[in-house]
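Throughout, read-outs are computed from the coordinates displayed, never taken from laboratory work. Being a predicted model, the structure only gives us computed values, none of them experimental. Here Cβ is always computed from backbone atoms with ideal geometry, including for glycine, and neighbour counts include all displayed protein chains.
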């Protein structure tokens, strides 16, 4: 049944030539790498994320790309050499769950642009239309080594809207941060949030009401696809997004905490023949790790947040390790402009908990939770997520082992361009903080 | 099901077993004393009747004493969370899961968390796992008043007794609780303090009062603050609010504490001159509102360098109480000297909140001691044992039990009370 639906949908897609997920049109992704210099980073412990750590390694950056990584690399003549002896080098961090620019600082009511919670289904909104590139959160998070962000809308309704993938560079227009040729995501939410939102007099009022809302929307999207196949129909922004989920062109990011609710969402995906991409938060994922592994669903979660609401009460600090042990595609996310500044520490905390298990987890696996694995989820692992020859030079030089609480990102490169340099602070201050006392007192 | 019940019975039995304090000699550990003695690279701690009776590079066991070898491990004081909802907020939301603020207009400053701390909260063992042995349990803002209420000192011990809670260690006040506007807030505060001082001096014969129609509950609660017996903790962030408060408090005997002080670095010398200590969150570095547009990474370091006594806070939620060690680590990453960061979550909060005989590993201090397999501020380190008043504490959490139900690889390292793997 599942296969058949998929085939039908694939055929219908070819016939209509519909394109649900082309991020280039009509709000063009016009990200261009900033001007960069060719450099050789030498002497550091290099952590490529896709290979073992290299003691006293070299990373060569040329034309904004990783040109070479290894222990015995010849330094090209005339290239600028950065001596990183006693330091660590990793790929840039990717935050798979960010609301930067959408829920901005300062959080004036007028700046709460992250969730169009006017109806249970707002699949038609695109979060990129809310993003304010001057949110000071972008620069703070950049100082934490985050080079790529998956911006998601908030979770107070069932269908929250589309996500967008941004390179974390200073820019005036969001289009100039938007990475071309990425797969769109749709954010959905189950559990408490849609119910609490509905307390203001609208449905859903219960968890069964949540499921009704999901099912009706997918039934409508199926009918929409059928109509499209038969001829021209007026474009419906809401159904375009949901139809994109059905055809597999749009991946899903589903906010869901409890194991039973994740299982219910899996059943929903079987009913309508789509594949769930990633459950976010998923504090009870450890209870159904095998099911998640069989379904090939990724989990993006925290290391040790729990108890802040009823559906997070059973959160446990061995969650991340349990998923890794079960072979689940595992990611650590922030959902916070504060946590996002230390995703390396979040990963370290989860690794530390794994010491209570009888199965080791390698430092390489741990680094992947915040680099290569989110890159795979976003379909950009051909371009970033590891220190691999030919990929974008999204690189962080750390003062300490990145799994230390004392680690500071001393230099951050995005496509080879230096965007953070601890020796030249505030070089990329947002317009908002420019001229404020905090920027005036910098030592540059 | 029976399996779980018998497991619970077993845990209870083990809890009871450890109720009596024995003499202990903890040997061969790196000892972070948080006292003037600094850090001993290798040393011993002797505990008698729940009190540290000696700290030295080498102590010979004599008489009836249990010797525990902690070679390669690190001993620190039990940490103190200076502002927490531990025991008063199990979960946000309904069903009586949260009791952290007053809804009674007559009882604001007098709101008393001491009577409502739940020692059976499942968040408490999680806090212990973070090496936290003490916390200031502080009420959150009430809806109608700047006065949040009376905070208590809670000891996180596994066998809670009436002595675990010491009431009225401070009264918390919140600038932004009521949106009357600063231009009204500060004149009113000045008048209220004058009224409260008059009541503290003259009791019921004081009055008529100027600021408002006081409830006697609130005036009584504020009296020890006005006499300088317990501190008043002011939740403020903006630089101008800090200086305004310093001015208002100058004519009083009030022992103030600033909580938040995100823009403290801008007026660090004034704070230092006033002698007012600060509880600051090292993760406050974003302009999340216009009271902290200039929140900065260097805040804590700048205040420390100016001579301000800084306590590290931040993880105020009940579930995050044990994360205080990471917050100290973040402050170190931002330049605060390591020893200062340790003191900022042990000796300094103990001194500022008047928590007698805790916060340092020193002769005569209560033996509230954490043992770690590495640097206690590092996420890669884990707690291996915790002592409160010299008694080994249960480190088992509800989370452990859930993990053991579902995760095959979960090894039961904290199954027994006391030291890990014992």
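When only alpha-carbon atoms are used, what values of Rg and Dmax, in angstrom, describe region A:308-444?
Over region A:308-444's Cα set, Rg and Dmax evaluate to 17.5, 54 Å.
Quick one: order A:69, A:35 by neighbouring beta-carbon count within 10 Å, fewest to most. Don't skip to the end; give the middle numbers.
Working: A:69 23, A:35 10.
Going from least to most buried by this count: A:35, A:69.
So how compact is region A:264-349: Cα radius of gyration and Dmax in angstrom?
According to the Cα coordinates of region A:264-349, Rg and Dmax are 13.1, 39 Å.
Given R₀ = 35 Å, what would the calculated FRET efficiency be for residue B:363 paired with residue B:411, taking r from the Cβ atoms and rounding to 0.05?
Values: r = 38 Å, r/R0 = 1.08.
According to the calculation, E is roughly 0.40.
Classify region A:2-433 from the C-alpha gyration tensor, please: rounded if a/c falls under 1.5, else prolate or oblate depending on whether a/b exceeds b/c. Write out the running numbers ahead of the final one.
Numbers: a/c = 1.74, a/b = 1.50, b/c = 1.15.
Judged from the Cα gyration tensor, region A:2-433 comes out prolate (a/c at least 1.5, a/b above b/c).
Can you compute the label reach from residue B:289? Point 7 Å from Cα along the Cβ direction, backbone N cut-off under 20 Å, restricted to region B:151-177.
In region B:151-177, the label zone of residue B:289 (backbone N under 20 Å from the point 7 Å along Cα→Cβ) covers B:172-177.
Compute the FRET efficiency between residue A:216 and residue B:67 as 1/(1 + (r/R0)^6), taking r as their Cβ-Cβ distance and R0 = 56 Å, and round to the nearest 0.05.
Numbers: r = 69 Å, r/R0 = 1.24.
So the FRET efficiency works out to roughly 0.20.
With an 8 Å cut-off on Cα pairs and a minimum separation of 6 or more residues, tell me the relative contact order of region A:2-433 in percent.
Details: 1045 pairs, mean separation 92.4, N = 432.
Across region A:2-433, relative contact order equals 21 percent.
Using R₀ = 60 Å, calculate the FRET efficiency as 1/(1 + (r/R₀)^6) where r is the Cβ-Cβ separation of residue A:111 and residue B:205; round to 0.05. If you can, show how the numbers build up before the last one.
Details: r = 52 Å, r/R0 = 0.87.
It comes to 0.70.
What whole number of Å gives the distance from the Cα centroid of region B:82-126 to the Cα centroid of region B:36-70?
Centre-to-centre distance over Cα atoms comes out at 37 Å.
What whole number of Å gives the distance from the Cα centroid of region B:252-280 to the Cα centroid of region A:296-357?
Taking the Cα centre of region B:252-280 as reference, the centre of region A:296-357 is 36 Å away.
Counting helices only, and only those DSSP H runs with n ≥ 4, report the 222 nm mean residue ellipticity of the protein assembly as shown as the sum of -39,500 (n - 2.57) divided by its residues, in deg cm²/dmol to the nearest 500. If you can, show how the numbers build up before the last one.
Numbers: 23 runs with 231 residues, N = 866.
Rounded to the nearest 500, it is -8000 deg cm²/dmol.
Using the alpha-carbon centroid of each, what span in Å lies between region B:136-192 and region A:138-152?
Using only Cα atoms to place each centre, the spacing works out to 36 Å.
Which ordering of B:86, B:301 is given by a fewest-first count of other beta-carbon atoms within 10 Å? Mind dumping the intermediate values first?
Values: B:86 28, B:301 21.
Final ranking by Cβ density, sparse to dense: B:301, B:86.
Average partner chain C-beta neighbours within 10 Å, per residue of B:249-257?
Working: counts 0, 0, 0, 0, 0, 0, 0, 0, 0.
If you average over the peptide's residues, the count of other-chain Cβ atoms is 0.
Could you work out the Rg to Rh ratio of region B:141-269, with Rh taken as the Kirkwood radius (inverse of the mean 1/r over all Cα pairs)? It would help to have the intermediate numbers written out before the result.
Values: Rg = 15.6 Å, Rh = 15.7 Å.
Here the Rg-to-Rh quotient is 1.00.
Order these by the 10 Å Cβ neighbour count, fewest first: A:403, A:272, A:159. Could the numbers behind the result be given before it?
On the way: A:403 22, A:272 18, A:159 26.
Lowest to highest Cβ neighbour count: A:272, A:403, A:159.
So for the protein assembly as shown, Kirkwood radius off the Cα pairs, Stokes-Einstein at 37 °C and 0.692 mPa s: how many µm² s⁻¹? Present the calculation step by step, with values, prior to reporting the outcome.
On the way: Rh = 28.7 Å.
The diffusion coefficient I find is 114 µm²/s.
Averaged over its residues, how many other protein chain Cβ atoms are within 10 Å of peptide B:378-388's Cβ atoms?
Averaged over the peptide's residues, the number is 4.
For residue B:144 and residue B:22, compute 0.36 nm times the residue count separating them, minus their Cα-Cα distance, and round to one decimal in nm.
Values: separation 122, 0.36 × 122 = 43.92 nm, distance 4.93 nm.
Contour length minus the Cα-Cα distance gives 39.0 nm.
Which values of log₁₀ I(q)/I(0), to two decimal places, follow from the Debye formula for chain B at q = 0.08, 0.12 Å⁻¹ with a uniform point scatterer at every Cα?
Cα-only, vacuum Debye calculation for chain B: -0.45, -0.97.
Within 10 Å of each Cβ in peptide B:120-128, how many partner chain Cβ atoms are there on average? Round it to a whole number, please. Working shown, then result.
On the way: counts 0, 1, 3, 2, 0, 0, 5, 0, 0.
The shielding value for this peptide is 1.
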